[in-house]
Amino acid sequence: MEYFQFQLNNQVLIATITRPHALNALNSKLLEELREVIDDLYKNDKFRGLILTGDGERAFVAGADIKELAALSRDKALELAINGQHLLRRIEDCPKPIIAAINGVALGGGCELAMACHIRIATETARLGQPEINLGIMPGYGGTQRLTQLLGRGRALELMLTGDPISAREALAAGLVNHVVANREELMALAGSLMAKIVSKSPIAIARIIRSVNAGFSYENVGYSVESENFAASTMTDDFKEGTRSFIEKRQPVFRGS
């Protein structure tokens with residue numbers, strides 16, 4: 001694969017996202033490869049669990065590929081959101097445990113990806129958040145739903161409406177991550193030890209616990225479809241064009257509400 005490197009350790013697959021020049025931002029090719037990784041995790045009996053991390057010290061996943069996103073039509077933006085939600089749902093519903101080892105920033109789609117994993121651990125330098133509003137857009141991969149589930153309505157709205165990221169320690173206090181460690185070496189060691197303990201248990205019991213927990217957050221609610229529709233609509237606004245243009249030009253956007 002172009003954007004992944006793999007290790008297999010005692011039936012645990014370690015998948016490292018390797019697009020460091022773009023801070024591991026999610027483009028369409030990377031998402032296709034991630035779908036293949038998850039599909040193989042479902043099918044391949046030699047894998048008992050997955051640890052997902054990013055290359056280097058700076059980023060788990062910095063977000064979506066902004067240049068690619070800015071070029072989408074409304075129909076393509078809607079398709080992107082629906083496909084992204086489906087992929088993250090596959091991660092969340094996987095009967096095998098998935099740990100996000102967050103080695104740096106996890107913003108936008110990166111935070112959404114981390115939230116879909118069953119357990120999240122982070123380094124001290126990690127930052128998490130949904131800053132899409134700074135581009136005149138909104139989360140589209142289920143972020144409005146999962147962030148609210150994890151943090152509660154008020155805190156989730158504050159993070160999404162301000163676009164401000166939070167530190168790893170703030171994320172720990174809020175329940176967005178399970179553990180915080182000093183550095184990448186400790187991160188991967190903790191991810192490995194947690195996963196080793198989990199996969200030593202009954203695979204049937206693990207799968208049923210995951211299924212039962214997820215049953216409390218039904219995908220039948222309209223929140224996910226409303227999110228994808230509004231995500232697509234927001235990509236057609238002048239504010240989004242200004243937001244992406246200012247991001248590329250490295251300046252503050254001027255939003256006019258149109």
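The values are calculated or read from the model by the stated rules, or taken from the named source; none is laboratory data. On a predicted model such as this, the values are computed, not experimentally measured, just so you know. A quick note on method: Cβ atoms are made from the backbone with ideal geometry, for glycine too, and the neighbour counts reach across all protein chains shown.
Which one is surrounded by the fewest Cβ atoms within 10 Å (Cβ to Cβ), of the residues in region 61-99 that are in a strand (DSSP E or B) and over 9 Å from the mean Cα position of the chain (by Cα)? Step through it out loud before you land on a result.
So in region 61-99, the residues in a strand (DSSP E or B) come out as 61, 64, 98-99.
Next, from what is left, pick out any that are over 9 Å from the mean Cα position of the chain (by Cα): 64, 98-99.
Numbers: Ala64: 27, Ile98: 22, Ile99: 25.
Taking the candidates together, the pick is Ile98.
Could you list, in sequence order, the residues of region 44-60 that are part of a loop (DSSP other than H, G, I, E, B), closer than 29 Å to Ser202 by Cα and either out of contact with any Pro (no Cβ under 9 Å at 6 or more places or on another chain) or among the small types (Gly, Ala, Ser) (or both)? Working first, answer last.
Initial filter on region 44-60 (part of a loop (DSSP other than H, G, I, E, B)): 44-48, 55-58.
Now restrict to residues that are closer than 29 Å to Ser202 by Cα: 44-48.
The answer is Asn44, Asp45, Lys46, Phe47.
For every residue, the table says whether it meets (1) modelled with pLDDT of 95 or more; (2) more than 23 Å from Arg35 (Cα to Cα).
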{"site": "Ala71", "(1), (2)": "no, no"}
{"site": "Arg90", "(1), (2)": "yes, no"}
{"site": "Asn103", "(1), (2)": "yes, no"}
{"site": "Gly108", "(1), (2)": "yes, no"}
{"site": "Glu112", "(1), (2)": "yes, no"}
{"site": "His118", "(1), (2)": "yes, no"}
{"site": "Thr125", "(1), (2)": "yes, yes"}
{"site": "Leu147", "(1), (2)": "yes, no"}
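Are any of the residues in region 187-199 loosely packed, with under 15 Cβ neighbours inside 10 Å and either more than 29 Å from Ala22 (Cα to Cα) or aromatic (Phe, Trp, Tyr) (or both)? Within region 187-199 (the criterion being loosely packed, with under 15 Cβ neighbours inside 10 Å and either more than 29 Å from Ala22 (Cα to Cα) or aromatic (Phe, Trp, Tyr) (or both)), the answer is yes, since at least one residue qualifies. When the residues of region 244-258 are filtered to those that are closer than 18 Å to Ala22 by Cβ and part of a helix (DSSP H, G or I), the one that is farthest from the chain's Cα centre (by Cα) is Glu249.
Please state which one of Asn230, Asn214 is touching a residue at least 24 places away in the same chain (Cβ under 8 Å), in a helix (DSSP H, G or I) and more than 30 Å from Pro95 (Cβ to Cβ). So that I can check it myself, show each step before the final result.
Details: Asn214 fails: more than 30 Å from Pro95 (Cβ to Cβ).
Sole residue among the options that is touching a residue at least 24 places away in the same chain (Cβ under 8 Å), in a helix (DSSP H, G or I) and more than 30 Å from Pro95 (Cβ to Cβ): Asn230.
Evaluating Asp164 against the criteria (1) surrounded by 12 or more Cβ atoms within 10 Å (Cβ to Cβ); (2) free of Cβ contacts under 8 Å to residues at least 24 places away in the same chain; (3) more than 24 Å from Ile14 (Cα to Cα); (4) not small (Gly, Ala, Ser) leaves one unmet condition, (2).
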